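*Asks:* Can you keep this structure in mind? I'll have questions shortly.
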Amino acid sequence: MVISVLSVVVILGSLGVSAARSVQYSAINCRKHSAVLTDFGAIGDGKTSNTKAFNYAIRNLSQYANDGGALLVVPPGKWLTGSFNLTSHFTLFIQEDAVILGSQDESEWPQLPVLPSYGIGRDHPTTYERTSSLIFGTNLIDVVITGDNGTIDGQGSYWWDKEKKKELKLSRPFMIEIMYSDQIQISNLTLLNSPNWFVHPIYSSNIIIQGMTILAPVDSPNTDGIDPDSCNNTRIQDCYIVSGDDCVAVKSGIDEYGIKFGMPTKHLIIRRLTCISPYSAMIAIGSEMSGGIQDVRAEDNIAINTESAVRIKTGVGRGAYVKDIFVKGMNLSTMKYVFWMTGSYGSHSDHGFDPKALPNITGINYRDVTATNVTYSASLDGITNDPFTRICISNVNIQLSEQKKKPQWNCTDIAGITSNVTPQACDLLPEKKEYDCPYPNDKLPIDNVQLKTCTI
């Protein structure tokens, strides 16, 4: 142990002499100590496994958690690795021209228990274990994953093909998952080809995700971009996402497991997102929403060639609520739907869900929307004897495509109002003259968090 500590001191002491240049970056906290991945035996040839080097480096740097924290630099090169775990008061900094490559050796991906708000494996609902994410952390405080547009490539095609052939025994790994943690920043990186969801903060709070470029083939399975899940006080902004699934998916567990765990997602802002997803949504709320979702604010977002804008997905058995959703300033082009809500999203984790657990969907507000080349204006379908209520849509101009369908507005089991909407909405959303749907004027606490300028 003494030798290990001394070796790290030598590495840290020598870094200032060997560094070719200083780099500035923005972070929730700067670090007193820093080291480079190569100092721990890593080889960036794209072929050599660096799983042990990543874990060894982070384990050694964790000793500085109470002394100003530590930063690990991933330098230019191709760094093949399996799953590795982060630590508190720590920054992973991926330099420009550095690429972290997800290993395609399944033995380098540990198994974890399934998430308690999901109860069983997502891909394989008969299993009670799952595959760890590429970059994983739990019970952390103050963790930053950032860079100057360095890259993480999950090499997901291996996992997509195996899942399609039903050759996997456990659910595919996520790219980044942070759970039971506080003060999280993920920023200024390019993420490619995740085996499953890309960024999955869960059971966590005070989260900033910004400046991300997230790319996957539009036919890749379940490659959600960012999935805040049972999280509180989250800011997602200035991200560009091309996905085979939802660009942002807001979640809080499923059916009886999510109801029992009871941790909602609340106080979330999504702004200046650009999304391309021909088969899914720019922002999906649900379908896993059984812990509740409240106070979501989406402003100044763009969707291009995307199936729907903000889609609410739920069903019998989900329970809980989706309420106080505020959307302002969407610019949409080439959409199948502008507005889409469904109360018949039928997938369930297992047969143990309660058919009497009906969700409460209320207080859904949209305003200031421009859309072109649209097939359907809206499909809004609540649940029989459990209608979606207090829906408000105002100041909307939808230009239809040559393939436009009739009727333009399909509405069942909903109630609300519209104002200044073209084409005219369904009878269940009557016109209220000169009315703007509400959007909060207060700031969420996460918007008061200012990033510091740090130097490596």
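The values are calculated or read from the model by the stated rules, or taken from the named source; none is laboratory data. Just so it is clear, the model here is predicted, and its values are computed rather than measured. Methodologically, a virtual Cβ is constructed for each residue, glycine included, from the backbone with ideal geometry; neighbour enumeration extends over all protein chains shown. The accessibility values were calculated without ligands, DNA or RNA, using every heavy atom of the protein model including side chains. Shrake-Rupley method; radii C 1.70, N 1.55, O 1.52, S 1.80 Å.
*Asks:* Given 0.36 nm per residue, what is the gain on full extension from ARG59 to TYR279 after removing their alpha carbon distance, in nm?
*Replies:* Length gained between ARG59 and TYR279: 75.1 nm.
*Asks:* Collect residues whose amide H, placed 1.01 Å from N in the peptide plane, falls under 5 Å from the amide H of LEU112; neighbours closer than 5 in sequence don't count.
*Replies:* Here ARG130, THR131, SER132 satisfy the definition.
*Asks:* Once you put a point 7 Å from the Cα of THR48 and another 7 Å from the Cα of LYS406, both along the Cβ direction, what distance in nm separates them?
*Replies:* It works out to 6.9 nm between the two label points.
*Asks:* Nothing charged except the Cβ atoms of Lys and Arg (+1) and of Asp and Glu (-1): what's the magnitude of the dipole of region 214-266 about its Cα centre? Round to the nearest 20 debye.
*Replies:* Working: 4 positive and 9 negative charges, 62 e Å.
About 300 debye.
*Asks:* Helix 51-61 sits at what angle to the longest principal axis of the chain, using alpha carbons and giving 0 to 90 degrees rounded to 10?
*Replies:* 80
*Asks:* When only Cα pairs under 8 Å and 6 or more residues apart are kept, what is the percent relative contact order across region 178-273?
*Replies:* Normalised by residue count, the contact order of region 178-273 is 27 percent.
*Asks:* Take every Cα-Cα distance within region 146-193, group them into 5 Å bins from 0 onward, and report for each bin the whole-number percent of pairs it holds.
*Replies:* Whole-percent P(r) values from 0 Å outward: 5, 16, 21, 18, 17, 12, 9, 2.
*Asks:* Another question, if that's okay. What 222 nm value per residue comes from the helices of the chain, counting each DSSP H run with n ≥ 4 as -39,500 (n - 2.57) and dividing by all residues, nearest 500 deg cm²/dmol?
*Replies:* -3000 deg cm²/dmol
*Asks:* Can you spot the lysines whose alpha carbon is less than 22 Å from LYS404's alpha carbon? Ignore those fewer than 8 places along the same chain.
*Replies:* Within the straight-line cut-off, LYS404 pairs with LYS336.
*Asks:* Could you tell me what percent of the DSSP beta bridges with both partners in region 68-218 are antiparallel, to the nearest 5?
*Replies:* Taking every DSSP beta bridge within region 68-218, about 5 percent pair in antiparallel fashion.
*Asks:* Among the Cys residues of the chain, which have no other cysteine Cβ under 4.7 angstrom away?
*Replies:* CYS231, CYS239
*Asks:* About its Cα centre, what dipole magnitude does region 198-290 give when the only charges are +1 on Lys and Arg Cβ and -1 on Asp and Glu Cβ, stated in debye to the nearest 20?
*Replies:* For this selection, approximately 440 debye.
*Asks:* What stretch of the chain, leaving out the sites themselves, is the longest with no trypsin sites (Lys or Arg not before Pro) in a DSSP loop having at most 11 other Cβ atoms within 10 Å?
*Replies:* The answer is 167-355.
*Asks:* First compute the accessible area of the chain with a 1.4 Å probe, then give the percent of it belonging to carbon and sulfur atoms.
*Replies:* Using a 1.4 Å probe with all protein chains present, the chain comes out at 50 percent carbon and sulfur.
*Asks:* Provide the gained length on full extension for the span THR370 to LYS452, in nm with one decimal, where the gain is 0.36 nm per separating residue minus the Cα-Cα distance.
*Replies:* Details: separation 82, 0.36 × 82 = 29.52 nm, distance 3.59 nm.
Extra length from THR370 to LYS452 when fully extended: 25.9 nm.
*Asks:* Moving to a separate point now. What do you get for GluC sites (Glu not before Pro) in region 374-456 restricted to DSSP loop and a cutoff of at most 15 other Cβ within 10 Å of the site's Cβ? Walk me through the numbers on the way to the answer.
*Replies:* On the way: sites: GLU402, GLU431, GLU434; in loops: GLU402, GLU434.
Within region 374-456, the qualifying GluC sites (Glu not before Pro) (loop, at most 15 other Cβ atoms within 10 Å) are GLU402, GLU434.
*Asks:* While we're on this one: Using the structure shown, select from LYS32/LYS452; LYS313/LYS356; LYS169/LYS260; LYS162/LYS313 the pairs with a Cα to Cα distance greater than 19 angstrom. Walk me through the numbers on the way to the answer.
*Replies:* Numbers: LYS32/LYS452 14 Å; LYS313/LYS356 17 Å; LYS169/LYS260 27 Å; LYS162/LYS313 28 Å.
Over 19 Å Cα-Cα: LYS169/LYS260; LYS162/LYS313.
*Asks:* Roughly how many Å² of SER187 are accessible to a 1.4 Å probe, to the nearest 10?
*Replies:* Approximately 0 Å² for this residue.
*Asks:* If one takes the longest principal axis of the Cα atoms in the chain, at what angle in degrees, from 0 to 90 and to the nearest 10, does the Cα axis of helix 2-18 lie?
*Replies:* It is inclined by approximately 80 degrees.
*Asks:* Mind jotting down the distance between the C-alpha centroids of region 401-450 and region 127-144, whole Å?
*Replies:* With region 127-144 and region 401-450 each reduced to a Cα centre, they are spaced 38 Å.
*Asks:* Label region 32-173 by shape, choosing from rounded, prolate and oblate, from the square roots a ≥ b ≥ c of the eigenvalues of the Cα gyration tensor; if a/c is under 1.5 it is rounded, and otherwise prolate applies when a/b is larger than b/c, oblate when it is not.
*Replies:* Note, shape of region 32-173 comes out oblate.
*Asks:* Then there is this: Taking the solvent-accessible surface of protein heavy atoms with a 1.4 Å probe, what is the per residue accessible area of the chain in Å²?
*Replies:* Per residue, the chain has 40 Å² of solvent-accessible surface.
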